[in-house]
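Asks: Pasting a structure below so you can have a look.
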Amino acid sequence: MFEGIREDIRSVFHRDPAARTSVEVLLNYPGLHAVLMHRLAHKLWTMDFKLSARFISSFSRWLTGIEIHPGATIGRRFFIDHGMG
């Protein structure tokens, strides 16, 4: 799990030249927040905890403005630079 999070953070550095530190990325990148919450929601979805998965997905959309259906499969190193606008 933690290796996956580290890989998601590294993907931000590879695709966004404005990213400076891991702490900055963890605190300030809504695209990363959406991806991390989606990975949790998707895991719950596949375990048939659909209501919990939808709740996390809805919370993620409210928090980040980025909507990813919990049933959607995204690959490794998936990166969202600008979720709105």
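The values are calculated or read from the model by the stated rules, or taken from the named source; none is laboratory data. This is a predicted model, so every value here is computed, not measured. With ideal geometry, Cβ positions are generated from the backbone for all residues, glycine too; neighbour counts draw on all protein chains shown.
Asks: Looking at the range 1-21, which of its residues are of a type outside the set (S, T, N, Q) and under 15 Å from ILE74 (Cβ atoms)? Full working, then the answer.
Replies: Applying the first criterion (of a type outside the set (S, T, N, Q)) to the range 1-21 yields 1-10, 12-20.
If the condition is that a residue be of a type outside the set (S, T, N, Q) and under 15 Å from ILE74 (Cβ atoms), then GLY4, ILE5, GLU7, ASP8, VAL12, ARG15 are the ones that fit.
Asks: I would also like to ask the following. Which one of the conditions (1) at pLDDT below 95; (2) closer than 17 Å to GLY83 by Cα; (3) among the small types (Gly, Ala, Ser) does GLY4 fail to meet, given that it meets all the rest?
Replies: (2)
Asks: Name, by its number, the condition in (1) surrounded by fewer than 17 Cβ atoms within 10 Å (Cβ to Cβ); (2) without any contact (Cβ under 8 Å) to a residue 40 or more places away in the chain; (3) over 11 Å from the mean Cα position of the chain (by Cα) that does not hold for ILE5.
Replies: With (1) surrounded by fewer than 17 Cβ atoms within 10 Å (Cβ to Cβ); (2) without any contact (Cβ under 8 Å) to a residue 40 or more places away in the chain; (3) over 11 Å from the mean Cα position of the chain (by Cα) applied to ILE5, the lone miss is (3).
Asks: Given the criterion under 20 Å from MET1 (Cα atoms) and β-branched (Val, Ile, Thr), identify the matching residue among THR73, THR21, THR64. Working first, answer last.
Replies: Details: THR21 fails: under 20 Å from MET1 (Cα atoms); THR64 fails: under 20 Å from MET1 (Cα atoms).
Answer to the selection: THR73.
Asks: For the range 53-85, give me the residue count where each residue is out of contact with any Gly (no Cβ under 7 Å at 6 or more places or on another chain), among the small types (Gly, Ala, Ser), surrounded by 15 or more Cβ atoms within 10 Å (Cβ to Cβ) and closer than 14 Å to GLY31 by Cα.
Replies: At the first step, the residues of the range 53-85 found to be out of contact with any Gly (no Cβ under 7 Å at 6 or more places or on another chain) are 53-63, 67-78, 82, 85.
When the remaining residues are screened for being among the small types (Gly, Ala, Ser), the result is 53, 57-58, 60, 71-72, 75, 85.
Filter again for surrounded by 15 or more Cβ atoms within 10 Å (Cβ to Cβ), leaving 53, 57, 60.
Those still in the list that are closer than 14 Å to GLY31 by Cα too: 57, 60.
Qualifying residue count for the region: 2.
Asks: So ARG54 clears everything in (1) modelled with pLDDT of 95 or more; (2) under 14 Å from the mean Cα position of the chain (by Cα); (3) outside any loop (DSSP other than H, G, I, E, B); (4) farther than 16 Å from MET84 by Cα except one condition, right? Which one?
Replies: Result: ARG54 fails condition (2) only.
Asks: Give me the pairs: first residue in the range 16-29 and surrounded by 10 or more Cβ atoms within 10 Å (Cβ to Cβ), second residue assigned to a loop (DSSP other than H, G, I, E, B), beta-carbon distance under 7 Å, and six or more apart or on different chains, which are they?
Replies: ASP16/ASP81; VAL25/ALA19
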